[in-house]
1. Could you rank C:438, C:69, A:68 by how accessible they are, 1.4 Å probe, largest area first?
2. Could you name every residue in the range A:79-95 that has 20 Å² or more less accessible surface in the full protein assembly than in its own chain alone (probe 1.4 Å, ligands and nucleic acids excluded)?
3. I need the calculated FRET efficiency for the pair residue C:115 and residue C:308, taking r as the beta carbon distance and R₀ as 22 Å, to the nearest 0.05.
4. Considering amide H positions built from the backbone, and no H for Pro or chain starts, which residues 5 or more places from residue B:124, or on another chain, come under 5 Å of its amide H?
5. Kindly write out, for the range C:119-136 in residue order, the coupling ³J(HN,Hα) from the Karplus curve 6.51 cos²θ - 1.76 cosθ + 1.60 (θ = phi - 60°), rounded to whole Hz, with x marking Gly and Pro.
6. What do you get for GluC sites (Glu not before Pro) in the range B:396-503 restricted to DSSP loop and a cutoff of at most 13 other Cβ within 10 Å of the site's Cβ?
7. Hey, what do the phi angles of the range C:227-242 turn into as Karplus ³J(HN,Hα) couplings, whole Hz, using 6.51/-1.76/1.60 and θ = phi - 60°, x for Gly and Pro?
8. Heavy atoms only, probe 1.4 angstrom, no DNA, RNA or ligands counted: give me C:193, C:108, C:9 ranked by accessible area, highest first.
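The values are calculated or read from the model by the stated rules, or taken from the named source; none is laboratory data. Keep in mind that what you see is a predicted model, and the values were worked out from it rather than measured. Here the Cβ positions follow ideal geometry from the backbone for every residue, glycine too, while neighbour counts run over all protein chains shown. Remember, those area values only see protein heavy atoms, side chains included, never the ligands or the DNA or RNA. Shrake-Rupley method; radii C 1.70, N 1.55, O 1.52, S 1.80 Å.
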Amino acid sequence: MPSISRDEVAHLARLARLAVTEAELDLFAGQLDQIVAAVAQVGQVADQDIPPTSHSVPLTNVFRADVVRPGLTQQQATAAAPAVEDGRFRVPRILGEEA
Amino acid sequence: MTELTRLDAADIAAKIAAKEVSAVEVTQAHLDRIAAVDHAVHAFLHVDTERALAAAKAVDDNAAAGLPAASPLAGVPLALKDVLTMQGAPTTCGSKVLENWQPPYDATVTQRLQAAGVVILGKTNMDEFAMGSSTENSAFGPTRNPWDLDRIPGGSGGGSSAALAAFEAPLAIGTDTGGSIRQPGAVTGTVGVKPTYGTVSRFGLVAFSSSLDQAGPCARTVLDAALLHEVIAGHDPLDSTSIDAPVPPVVAAALEGANGDLKGVKVGVVTEFAGDGYEPGVAEAFTAAVDQLRALGAEIVEVSCPSFDLALPAYYLIAPSEASSNLARFDAMRYGLRVGDDATRSAEEVMSLTRAAGFGPEVKRRIILGTYALSAGYYDAYYGSAQKVRTLIMRDFDAAFASVDVLVSPTTPTTAFKIGERTADPMAMYRADLCTIPSNLAGNAALSVPCGLSDGLPVGLQIMSPALQDQRGYRVAAAYEVARNAAQGGPLINRVPELEVAH
Amino acid sequence: MTTAELMDYAEVITRFDPVLGLEVHVELSTATKMFCGCSNRFGGEPNTHVCPTCLGLPGSLPVVNAVAVESAIRIGLALNCEIAPWCRFARKNYFYPDMPKNFQTSQYDEPIAFNGYLDVTLDDGEVVRVQIERAHMEEDTGKSLHVGGATGRIHGAEHSLLDYNRAGVPLIEIVTKTIEGTGERAPEVARAYVSTLRDLLQALDVSDVRMDQGSLRCDANVSLMERGAAEFGTRTETKNVNSLRSVERAVRFEMTRQAAILASGGSILQETRHFEEASGTTRAGRRKETSEDYRYFPEPDLVPIAPSAEWVQELRGTLPELPAERRKRVQAEWSLTDLELRDLVNAGAIDLVAATADAGAPPAEARSWWMSYLSQQANARGVDLGALPITPGQVARVIALVADGALTNKLARDVVDGVLAGEGEPDHVVETRGLKVVSDDSALYAAVDEALAANPDVATKIREGKHAAAGAIVGAVMKATQGQADAKRVRELILTRCGA
Ligand SMILES: [Zn+2]
């Protein structure tokens, strides 16, 4: 029987960039445990030799000609941004790896 | 003017074409109806009054100039689910994270509607990012079922189905990932169609689960749904999963079906979708509908699709997995809500705070569930296995359609439940989509047509067709609809209680 | 940077075996991006080459660029790879502000090309075969500008500004298998590999391959194994390696750094490091989280790619003569020694010489011009030979003018200077600078007579049969005619005048 611990929910929330409250951790841990227990039934086919289906459409090789299409103007692109500076999206300082 | 709002889309279009009424009059009548009843129903998140009237006027001007109508639905008003982009109006997906977001581009469905002269009245309420079966997960408050305002109108497209049942619009667009068109259709006594995956463009449809999402028509009659289906369907080079094939002849099929003859049609009853968990009233209405189909000349057989039992669990792995990735883009950097940017916090912190504040509990639950299912070490057991189940379900459909033309089942196991009844129990909520999910996983066509009442609440008959054979369901549904109206003394939808009108 | 000591390189080699892994990202020079029709042009005003798809707007969808797929297959074929009969894109999920969807659409366990190799010739002619693990398609990120803070770097910045013009530009990532057994030559092998790969990509005409502009980027994975050890050591991944020379320096530095740590009993941290061009050192970047989990899954918005055998065969037919074959052919045709060939290759001059020869110049003349005078000019300007503002056609024209006797070698260099200065085509420069050889004998006789009159002693010597003395008069005449006379002709006229 699978189970999702509170710590695991906290780890998943970090991966998903979701700040969660203590109360949410308790709530989600309980609910997810229940849901996972229910959906884990699919595991019964895990060892069977069945090809996985990721697309229900039987299509392959759908390509686009390498031709420029008009896109958005800078104004359109940035119109909905929380903050803009010099035509660029202004965002808080980035902690991560230096690009 | 109230009569105009009671008309079917086909009738409205005919009256406009015959110049018995102007498109502007029709649009105004629906806008008036929205103003009168939407305070109680809350089907709309945004009413686009001015542009709707302008679009209607354009249709009238076109007719006055002697030009042919843009489509058989020119001038007919429509309610658009708020998950499809339309320039000049907000697209919120029922989420705080996108509150007031104005998209700089139109969805292909939106473009096709506008090109067809369909008048878009506004954007309808929905469960946040289409995650839910009741529209209670909208960040902007629930929509109420016109049959009983204390009950849910289904979900995620409860705004679209309620708008039809409240006579606020004769047509609506929904999107169906696990049943979000059919289940709301069933519980509001309206027609809801999920076309074959890949036949209606997803470009501009804000993704919940990309491999399952499909936009489709919602209406009060089968023919209206078919007319709308032909407007929105067709190949779109902007959607890689769009099938380059002719649109199935659904209008012709609906007209043929209306002759009331189903001789030579073989109908399979899915045996897995019965028994425990199915409300007696639902089971009775379903059985009566099957009897009706037999009376119309159809041959009825029982068909077993054993892997359908695994459809719900597979769905609740695949959909949240894809959603966890699709919804990662809502990060406060480029558009939408931004919370906690106080010049000291980092981008990473602002992202986490924004997502925490911007998403509701169901969305968070599914993001965490999807993140879990895709995690290293769990992938094979969960996501990988769910994809195998998908293969099994497709095989079950293939085997069934080798011997029958269509499959039928109840659309939902129960009628509309009370608002608040299942919010604390996610699994109970998820079971509302038990019967609709297999067709999302397999991609085939499926629709729901009203088939009677249980304790005064509508029940839906689900008709499933093979992929790209959408017309089969329309033919059966149209034949059934005619017989049902005859047997039940007129369209079911006419029995919706009168709503209190605001003055 | 780290303050850890470095081990002497010779000692590193006696104690450790280096193991390399090289990941090269190449931006394709397609007209449009990988998944949308936005222009794939370098630069531009910020956020002007963007659309709903490459901005990751809600509801947008990707559609694969056919030419990007063709380029990927051609690269795979040129690298002797197998081409997958069926492959897909996957989503690599992680949050980063320069990535609009917060996942990268990339290929994961189903690359379009795999199991290949590239033969790399080192400076002394030794050939090393580098095994290629895979070449796969993916998309580039946007660019962030970090504002505020003392260094202007990400650390200490107050906020950042994002430009998504580069987001979605098609990338091919080419990954080697581990490269072992190269010993002290590991840094050289790394450089030579990237250099050979660059030439190959250039020949395929699929990318600008400008390391300085980031259209070709190399990440170098380096680890050390104690001599005789069975298992690989912990590796570091060095990024920001922006030139061929840096590739070599970065690998060498990492070897000496890691060796010093290992020798003192420390252990290597698996981490991303950044190469510092100025100091030639690497500095620690973000530590790789142990829990890094990209949650790959097949991209549901795209359908599989299944290149038919016919299509692959057709693309194989479009492969140009690849650099290695070309070198062999050129060496034979131009009768070059190994050394001459290597010089030509190292100077990046083969294409230029060949194009000049194609424009009608004798190959030897063409080679001489590019390898001497033009190489000097390039050096003086600090640019690659190919970046000089002169075309092979123009060089061929100058060579033809010399062959016709219209220009002397000296004048020819002046004409080349004029072309390099942007004064136009060679013939135009000849005209405007007045560089025609003075071939009118009467004009030359006047100059000769004047020079003889001014140097009576020399004139006497010549008349006495000391022909060597004529050189001084030739010099004087050349000076008087500002170099526009044909020195040989001047000499003849001097001797005639002196009756010698
Ligand atoms: Zn774009």
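1. Numbers: C:438 40, C:69 0, A:68 80 Å².
Largest accessible area first, the residues go A:68, C:438, C:69.
2. Listed by number, the residues meeting the 20 Å² cut-off are A:80, A:82, A:85, A:88, A:89, A:90, A:91, A:92, A:93, A:94, A:95.
3. Numbers: r = 20 Å, r/R0 = 0.89.
Efficiency computed from Cβ-Cβ geometry: 0.65.
4. Hits under the 5 Å cutoff: B:45, B:80, B:81, B:82.
5. Values, residue by residue: 7, 10, 9, 7, 4, 8, x, 5, 9, 10, 8, 9, 7, 9, 6, 6, 10, 10 Hz.
6. Details: sites: B:421, B:481, B:498, B:500; in loops: B:421, B:498, B:500.
When the GluC sites (Glu not before Pro) of the range B:396-503 are filtered for loop state and at most 13 Cβ neighbours within 10 Å, B:498, B:500 remain.
7. 3, x, 6, 9, 10, 5, x, 6, 9, 10, 10, 9, 10, 6, 9, 9
8. On the way: C:193 0, C:108 100, C:9 30 Å².
So the residues, ranked largest to smallest area, are C:108, C:9, C:193.
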